[in-house]
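Structure record follows, encoded as structure tokens.
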Amino acid sequence: MQGTWAFQSFLMLPSETEWAAPPGTSVSARKWAKGTLAILSSTDDEFSGELTFSETVKLNVKGKILPATDDTPAVLDAIGEATDGPAKGAIYKIRGWSNPLTSEQVNPSQIQGSVLAVRGTDSKPEIELGGMPIGTIGAFILNLV
């Protein structure tokens, strides 16, 4: 995994009516976070980087990416942790999959998956950075910039 990636995450928030509706029905969602993931170092299957949401909110990200094969997409498995500033202590688990790769591609250009709020800041460990309770799960998209 290399380069700079645009990161966006979303919370699915269906109303009771939307929850009861049949498949194919639109549901309410809210953008949870938007930032940039810069890969600072990587090997064949491990990487580290920084996920920046604002000048003061940054997560150190470490993870693995299992390469795609003919039968399976690439798999991203990472942890993001704020180690300083006002977000210090916040932890998120990130798990995603690439779109199918063409025969010419070595690395994915988009990864989609889920993000789990594990812990909030040191001052409010029970609330994640977006104000949701710990354990909140959302969807994310990473696009290679």
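The values are calculated or read from the model by the stated rules, or taken from the named source; none is laboratory data. As the structure is a prediction and not an experimental result, all values here were calculated from the model. Backbone-built Cβ (ideal geometry, glycine too); neighbour counts: all protein chains shown. Please note that ligands, DNA and RNA were not included when accessible areas were found on the heavy atoms of the full protein model with its side chains. Shrake-Rupley method; radii C 1.70, N 1.55, O 1.52, S 1.80 Å.
Which condition number does residue 70 fail, the rest of (1) surrounded by 15 or more Cβ atoms within 10 Å (Cβ to Cβ); (2) more than 16 Å from the chain's Cα centre (by Cα) being met?
(1)
Checking residue 111 against (1) within 10 Å of the chain's Cα centre (by Cα); (2) of a type in the set (A, V, I, L, M); (3) open to solvent by 50 Å² or more (accessible area, probe 1.4 Å), which test does it fail?
Failed condition: (3).
Take the stretch 55-66 and flag every residue that is under 22 Å from residue 143 (Cα atoms) and either open to solvent by less than 30 Å² (accessible area, probe 1.4 Å) or in contact (Cβ under 8 Å) with a residue 24 or more places away in the chain (or both).
57, 58, 59, 61, 63, 65
Being open to solvent by less than 30 Å² (accessible area, probe 1.4 Å) and within 17 Å of the chain's Cα centre (by Cα) narrows it down to one of 135, 96, 130, so name that one. Outline the logic, then answer.
Values: 135 fails: open to solvent by less than 30 Å² (accessible area, probe 1.4 Å); 130 fails: open to solvent by less than 30 Å² (accessible area, probe 1.4 Å).
Step by step, each of 135, 96, 130 is checked, and only 96 is open to solvent by less than 30 Å² (accessible area, probe 1.4 Å) and within 17 Å of the chain's Cα centre (by Cα).
Check the stretch 96-111 and report whether any residue there is among the aliphatic types (A, V, I, L, M) and modelled with pLDDT of 95 or more.
Scanning the stretch 96-111 turns up no residue that is among the aliphatic types (A, V, I, L, M) and modelled with pLDDT of 95 or more.
Which residue pairs have Cβ atoms closer than 6 Å, lie 6 or more positions apart in sequence or on different chains, and pair a first residue in the stretch 16-37 that is without any contact (Cβ under 8 Å) to a residue 12 or more places away in the chain with a second residue that is surrounded by 10 or more Cβ atoms within 10 Å (Cβ to Cβ)?
From residues that are without any contact (Cβ under 8 Å) to a residue 12 or more places away in the chain, the pairs are 18/27.
It is to be established whether one or more residues within the stretch 18-30 are within 15 Å of residue 92 (Cβ to Cβ), of a type in the set (Lys, Arg) and open to solvent by 50 Å² or more (accessible area, probe 1.4 Å). I'd like the intermediate steps shown before the answer.
Here is the first cut: in the stretch 18-30, the residues within 15 Å of residue 92 (Cβ to Cβ) are none.
Within the stretch 18-30 (the criterion being within 15 Å of residue 92 (Cβ to Cβ), of a type in the set (Lys, Arg) and open to solvent by 50 Å² or more (accessible area, probe 1.4 Å)), the answer is no, since none of the residues qualifies.
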